[in-house]
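Visitor: This is the structure, below, for whatever I ask next.
Any read-out appearing in this document is the output of simple, stated calculations on the displayed coordinates, not a laboratory observation. Model, not experiment: these values are computed from the prediction. Cβ: placed from backbone, ideal geometry, glycine included. Neighbour counts: every protein chain shown.
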Amino acid sequence: MSIPRGSHVIQVRHRNRRCEQKGLIHVNGVQTLGASFQAAHNWYSGTVGDVTPEQAKHVPAGVVHPIGELAAHILHTEDGFVSMLQGAPTIWESEGYGTKLGIAWVFAQDHAVARAMQTTPADLAEYAAKVFAKTDAYVASLSDADLDREVEIFGNKMPIGGALGGLLLANTFAHVGEISALKGLSGAKGYPF
């Protein structure tokens with residue numbers, strides 16, 4: 001999925017009288033992506049915030065991955081993706097989180113490694129805060145023109161805006177949904193709302 005060139009400018013018309021008198025409010029693509037990442041980070045944090053160690057490490061029946069691994073995958077994907085776009089090392093690598101936490105890098109979610117992973121969102125909290133801050137700073141540093149710049153992602157060329165919005169945000173929201181469902185299966189409240 002990609003965002004067509006020039007489609008990242010959104011015009012919103014508010015219904016209240018004061019705003020209608022002023023006309024349209026323009027929100028650029030960078031602002032929209034920034035707000036979307038803040039929402040994704042809030043959904044992640046709110047959903048994993050009350051996960052117990054037992055819930056996080058439980059290996060569900062079938063082929064589903066444990067909550068702890070899904071949390072790690074969300075963070076590894078964001079760290080890896082943003083670092084790749086920046087041409088910089090990952091926080092995971094540069095700050096030695098693999099050694100600190102004693103868990104594997106699960107960007108690609110190898111099935112056997114993923115199902116064997118024993119970690120919790122609480123174990124990952126410091127790393128999560130750093131990853132989210134790095135992403136927020138990266139998105140804020142972009143211009144709307146940057147969103148149209150094509151990059152190669154997994155062998156496909158796409159605009160940076162499409163890669164961030166169509167791949168990275170989708171990954172986060174999809175796996176947070178899995179975490180919510182797994183919490184629900186254990187009798188806990190899934191999403192925080």
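Visitor: Placing +1 on the Cβ of each Lys and Arg and -1 on the Cβ of each Asp and Glu in the range 99-157, which of 114, 141, 127 has its Cα farthest towards the positive end of the resulting dipole?
Guide: Of the listed residues, the answer is 114.
Visitor: Quick one: which of 118-126, 69-77 comes out on top by average Cβ neighbours within 10 Å, and what's the full order, highest first?
Guide: Result, highest mean Cβ count within 10 Å first: 69-77, 118-126.
Visitor: Please name which of 103, 51, 62 has its Cα lying farthest along the dipole of the chain towards the positive end, using unit charges on Cβ (Lys, Arg +1; Asp, Glu -1) and the Cα centre as origin.
Guide: 51
Visitor: Now for a different question. What order do you get for 163-169, 86-92 when each peptide is scored by the mean count of other beta carbon atoms within 10 Å, highest first?
Guide: By packing density, highest mean first, the sequence is 163-169, 86-92.
Visitor: Which value at 222 nm does the chain reach when only helices count, each DSSP H run of 4 or more adding -39,500 (n - 2.57), with the total divided by all residues and rounded to the nearest 500 deg cm²/dmol?
Guide: -17000 deg cm²/dmol
Visitor: So, one more: Sorted by average packing, counted as other Cβ atoms within 10 angstrom per residue and highest first, what order do 107-114, 133-140 take?
Guide: Order by mean packing, descending: 133-140, 107-114.
Visitor: Only Cα pairs under 8 Å and at least 6 apart count here; give the relative contact order of the chain as a rounded whole percent.
Guide: Relative contact order of the chain: 31 percent.
Visitor: What residues have an amide H closer than 5 Å to that of residue 153, excluding those fewer than 5 places away on the same chain, when H is modeled at 1.01 Å from N in the peptide plane?
Guide: Residues meeting the criterion, in which the H sits 1.01 Å from N, are 158.
Visitor: A further question follows. For the range 178-193, just list the computed ³J(HN,Hα) in residue order, Karplus coefficients 6.51, -1.76 and 1.60, θ = phi - 60°, integers in Hz, with x standing in for Gly and Pro.
Guide: 4, 4, 4, 5, 5, 4, x, 5, 8, x, 8, 6, x, 6, x, 10
Visitor: Here is a further query. Taking the Cα centre of each part, how many Å lie between the range 149-193 and the range 87-108?
Guide: 19
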